[in-house]
Amino acid sequence: MEALAILRNCPMSARKMRLVVDNIRGKSVDDSLNILKYTNKEAATWLEKLVLSAISNWSVKADTSSPEDYKLYIKKAYVDGGSSLKRFQPAPHGRANRIRKRMNHVTIVVENKISLEE
């Protein structure tokens, strides 16, 4: 059984978020939470909350109170670009430079390796 969690409009560029998502894709949930806890990037704090949300979604969907017994792992994790806020900054000679404040959407799918029927 799999469960998913989606983070929309995260105020960070997708390129920066993908650096951290690539580290946790395919790993067990415990390993990925440890990696995120000790990663020194802002994206790690957003992803740690998202992984915990995916675990919670799985436990509600599976109707069990202890997801530790089922060896959860991150089946899919991907980052899509979102919208961007456009701002302008003054430049020399009366010109204006465009500033794009980018956002992204993150999707994480969690699945169990041990079946629920046991």
Which residues, counting only those in region 19-53, are among the charged types (D, E, K, R) and more than 14 Å from MET103 (Cβ to Cβ)? ASP22, ARG25, LYS27, ASP30, ASP31, LYS37, LYS41, GLU48, LYS49
So, in region 54-93, exactly how many residues are among the small types (Gly, Ala, Ser), under 14 Å from GLU2 (Cβ atoms) and under 13 Å from the mean Cα position of the chain (by Cα)? 2
In region 24-41, the residues that are farther than 18 Å from ASP80 by Cβ, out of contact with any Phe, Trp or Tyr (no Cβ under 9 Å at 6 or more places or on another chain) and either in a helix (DSSP H, G or I) or of a type in the set (Gly, Ala, Ser) (or both): ASP30, LEU33, ASN34, ILE35, LEU36, LYS37
Based on this model, can you work out whether LYS16 counts as under 30 Å from ARG100 (Cβ atoms) and either touching a strand residue (DSSP E or B) at 6+ places or on another chain (Cβ under 9 Å) or assigned to a loop (DSSP other than H, G, I, E, B) (or both)? yes
Go through region 58-88 and give me each residue that's part of a loop (DSSP other than H, G, I, E, B), of a type outside the set (Ser, Thr, Tyr) and surrounded by 12 or more Cβ atoms within 10 Å (Cβ to Cβ). LYS71
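A short reminder: the numbers here are calculations on the coordinates, not readings from a lab. Here the structure is a predicted model, which means the values were calculated and not measured. Quick reminder, even Gly has a Cβ in these numbers, built from the backbone with ideal geometry, and neighbours come from all protein chains shown.
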